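Single-structure report; data block below.
The values are calculated or read from the model by the stated rules, or taken from the named source; none is laboratory data. Note that the coordinates shown come from a computational prediction; the quantities given were computed from them, not determined experimentally. Every residue, glycine as well, gets a Cβ built from its backbone with ideal geometry; the counts of neighbours run over all protein chains shown. Please note that ligands, DNA and RNA were not included when accessible areas were found on the heavy atoms of the full protein model with its side chains. Shrake-Rupley method; radii C 1.70, N 1.55, O 1.52, S 1.80 Å.
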Amino acid sequence: MLEGGCYCGHVRYEVSGAVFHESNCHCSICRRTAGSAYVTWFTADRRHFRLLGGTPARLRSTATGTRAFCPKCGTQLTFEDESKPGEIDVTTCSLDNPDLLPPKDHTYTSTRVAWVMPDGRPEYDEARPEDS
């Protein structure tokens with residue numbers, strides 16, 4: 001069981017079951033919505049994600065994507081893509097213990113900011129290939 005939440009504690013969640021696609025995303029939308037060089041995410045089965053407290057605000061950030069964040073402190077928490085209804089991406093650093101899920105790769109490196117240096121993890125110019 002993984003638990004996490006926002007900075008101020010208003011929104012809390014838990015994730016049960018296996019997770020996958022632990023990744024640093026360098027896309028311009030992640031960078032802009034987080035105000036960061038990249039966002040580290042992991043993916044879980046949507047049925048295994050449960051809110052424990054609080055109600056996140058939601059932002060439609062793409063034609064098929066919605067981000068959830070704390071309405072009080074602004075912490076970005078999740079991303080859901082309508083084309084993958086059974087999955088939810090969760091910001092790794094909103095976990096109580098983010099060290100449990102280090103990133104395994106980098107995605108959308110074609111838009112990485114120039115001063116972020118490669119670290120030896122696999123890199124994908126765009127999305128990760130479906131078989132990865």
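For the pair Thr64 and Asp119, how long in nm is the line joining their label points, each one 7 Å along Cα→Cβ?
2.8 nm
Rg (Å, one decimal) plus Dmax (Å, integer) for the alpha carbons of the chain?
Rg, Dmax (Cα atoms, Å): 14.1, 39.
Kindly write out, for the range 16-23 in residue order, the coupling ³J(HN,Hα) from the Karplus curve 6.51 cos²θ - 1.76 cosθ + 1.60 (θ = phi - 60°), rounded to whole Hz, with x marking Gly and Pro.
10, x, 6, 10, 8, 6, 5, 8
Starting from the Cα coordinates of the range 62-119, work out the convex hull volume and express it per residue in Å³.
It comes to 148 Å³ per residue, whole-number rounded.
At Asp81 and Thr111, where each label point lies 7 Å from the Cα along Cα→Cβ, what is the point-to-point distance in nanometres?
About 1.2 nm separates the two model spin labels.
Would you mind telling me the share, in percent, of accessible area of the chain contributed by carbon and sulfur at probe 1.4 angstrom?
52 percent
Mind giving me the nanometre distance, one decimal, between the label points for Cys8 and Asp96, set 7 Å out from Cα along Cα→Cβ?
Placing both labels 7 Å beyond Cα along the Cβ direction yields 2.1 nm.
Just to confirm the filter: which GluC sites (Glu not before Pro) across the range 45-106 are DSSP coil and have at most 14 other Cβ within 10 angstrom of their Cβ?
Sparse-neighbourhood loop GluC sites (Glu not before Pro): Glu82.
Which whole-Hz ³J(HN,Hα) couplings does the range 93-101 yield from phi under the Karplus relation 6.51 cos²θ - 1.76 cosθ + 1.60, θ = phi - 60°, glycine and proline marked x?
7, 8, 5, 4, 10, x, 5, 5, 10
Just to confirm, what accessible area per residue do you get for the chain at 1.4 Å probe, in whole Å²?
Heavy-atom accessible area per residue stands at 55 Å².
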